[in-house]
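In what follows, a structure is listed as structure tokens, so that the remarks can point back to it.
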Amino acid sequence: MTSVAGSTPWSPPLDVLALQDLLGRLQAWSPLNAADVLAEVAVAVDEWPLSAEQVETAIQRLMPSLKQLTGIAVSTGASRSAPYISRLVQQARALQSQQPLEEATAARSYVQRLGWYTGELLEQLVRAGCVKETV
């Protein structure tokens, strides 16, 4: 192969460690299942009173979904183009940074807010065309 005068040879954009990191992230990634998210939201918002075990389970299920939805909102630009989505993302991030309180009523309230923000953000991202609507 001949090179063109003055051109530099091709080199990969990422080194081996960066490629391994990227591969690991891709293998760990799971697509958003809107139907599953809606089922999680229904438990958090509609089923009362939740037991302490149900509260913990709901937090473990909703937190990754909310994080994934905020990531979708930011990466698609929806949080920049839609002020309401931007506010939802800010409020969801604030909620994610809080630790649920030990007291039962406060923990249930936290789960209910977590469910509401997850459901509302999902709905807004469907309307914006960033997430496919479930059938």
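What to note about this one:
- Inside the range 13-34, residues that are part of a helix (DSSP H, G or I) and surrounded by 10 or more Cβ atoms within 10 Å (Cβ to Cβ) make up a count of 8.
- Thr134 meets the conditions (1) at pLDDT below 95; (2) surrounded by 16 or more Cβ atoms within 10 Å (Cβ to Cβ); (3) touching a Leu at 6+ places or on another chain (Cβ under 9 Å) in every case but one. The failed one is (2).
- For beta carbons closer than 7 Å, sequence separation of 6+ or different chains, a first residue in the range 110-132 that is among the polar types (S, T, N, Q) and a second that is surrounded by fewer than 17 Cβ atoms within 10 Å (Cβ to Cβ), the qualifying pairs are Gln124/Tyr84.
- Condition met for Leu101 (in contact with a helix residue (DSSP H, G or I) (Cβ under 9 Å, 6 or more places away or on another chain), surrounded by 12 or more Cβ atoms within 10 Å (Cβ to Cβ) and in contact (Cβ under 8 Å) with a residue 12 or more places away in the chain): no
- The condition (being within 11 Å of Leu125 (Cα to Cα), at pLDDT below 95 and either in contact with an Asp or Glu (Cβ under 7 Å, 6 or more places away or on another chain) or not β-branched (Val, Ile, Thr) (or both)) is satisfied by just one residue among Ser51, Ser97, Ser79: Ser79.
- Candidates Gln96, Gln90, Gln68, Gln60, filtered to the one that is among the polar types (S, T, N, Q) and crowded, with 16+ Cβ neighbours inside 10 Å: Gln68
The values are calculated or read from the model by the stated rules, or taken from the named source; none is laboratory data. None of these values were measured; they are calculated from a predicted model. Here Cβ is always computed from backbone atoms with ideal geometry, including for glycine, and neighbour counts include all displayed protein chains.
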